[in-house]
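What follows is calculated from the coordinates using simple rules that are stated; it is not laboratory data. Model, not experiment: these values are computed from the prediction. We place every Cβ from the backbone using ideal geometry, glycine too, and count neighbours over all the protein chains shown.
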């Protein structure tokens, strides 16, 4: 047996090389203990079981949400012998384990995010209806994808769907969903709504949608969000943070577009009602025109009748004032030879020649005598 004599640093390096080769990454299941955060940057904790304890070290950015001692965790990490601080496990991923732990972690995160107003109703934005361009985040191989696309095309069709194919459970799912939300916000600003969906599953299957970074990504999206997880019993925090929640992938499709058959029936009914309304308007207009014609005719007849009455009256008055009619009753119109009408005796002198205009001719006479009446009317 060959014995090696190494310095401390050489041993650390050799040991770490051995670990890198033999155990580059390991997943350890255990109960959380001695959890603490240093300088809002680093996390330290132990995982333990009945007989052993292992120390872990990592960044706060690797936390899935608030943690408490006693929770069961599955921690993906790399073993490492530190030159100064001894053996530890460098955290790569923290996963919750067990229904009780998952529920407790979700409750702690809910309290934290609720205090920030992340679930407040007044920050919810309306979802465009019907949507025209949809950013869809789901697994292309899932039943959720098939159900969503089938229903949305049956109900409406002609939409643009930009698919981000991601894992919706497991170790990589949270990071993939976060990147997909960021990607759509950056490169598809004309998208009307982002839909994140998957079918049902166990608490562990769905824990991705209670990861703090996922919830914050959905809440922080500049594009309105709709999250539909097919699990009615418990609402995930991602659903609570979204602008709209759908109960299932099918329901998500129903919330985004109307049923074209229903719309067509409604349009046909509206067309019938419009026909009836137009007929009624035309009928009322015809009745109004007929009534106006009758009123106008009556007014016209009344005007004509009144005009005829006035004409007849004026005609009779003119007949009464006609000089010829007056002359026919025995009167005469006296003129001088120059045509001047004699209105009073002062216009005459003895021996003047005058013309007597009678109804049937003119006679000439000589004035022999002038008889002047006094003011009392006596000669």
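Comparing 328, 291, 213 in a Gaussian network model of the chain, where Cα atoms under 10 Å apart are tied by springs, the biggest mean-square fluctuation is seen for 328.
Computed over region 8-97, relative contact order equals 30 percent, with contacts defined as Cα pairs under 8 Å that lie 6+ residues apart. Between region 80-112 and region 200-270, the alpha-carbon centres lie 29 Å apart.
Of 248, 290, 88, the residue with the greatest mean-square motion in the GNM of the chain, using alpha carbon springs below 10 Å, is 290. D by Stokes-Einstein for region 117-258, Kirkwood Rh over Cα pairs, 37 °C, 0.692 mPa s: 225 µm²/s.
Out of all DSSP beta bridges in the chain, what portion is antiparallel? Express it as a percent rounded to 5.
Numbers: 39 of 59 bridges.
Bridges in the chain that DSSP calls antiparallel: roughly 65 percent.
At a Förster distance of 22 Å, what's the computed FRET efficiency of residue 14 paired with residue 90, Cβ-Cβ distance as r, to 0.05?
Details: r = 18 Å, r/R0 = 0.82.
My answer for the efficiency is 0.75.
Averaging the sequence gap over all C-alpha pairs within less than 8 Å and six or more residues apart, then dividing by the number of residues, gives region 324-366 a relative contact order of 39 percent. Take every pair of alpha-carbon atoms less than 8 Å apart whose residues are at least six positions apart; their mean separation over the length of the chain yields a relative contact order of 10 percent.
Expressed in nm to one decimal, what extension gain is obtained for the pair residue 300 and residue 364 from 0.36 nm per residue of sequence separation less their Cα-Cα distance?
Numbers: separation 64, 0.36 × 64 = 23.04 nm, distance 5.40 nm.
Separation in residues times 0.36 nm, less the Cα-Cα distance, equals 17.6 nm.
Using alpha carbons only, how many angstrom separate the centre of region 286-328 from the centre of region 180-197? If you average the Cα positions of each part, the centres end up 84 Å apart. Highest GNM mean-square fluctuation among 84, 203, 167, for the chain modelled with Cα contacts below 10 Å: 84. Taking the alpha-carbon centroid of each part, what is the distance from region 1-72 to region 145-168 in angstrom? Using only Cα atoms, the two centres lie 43 Å from each other.
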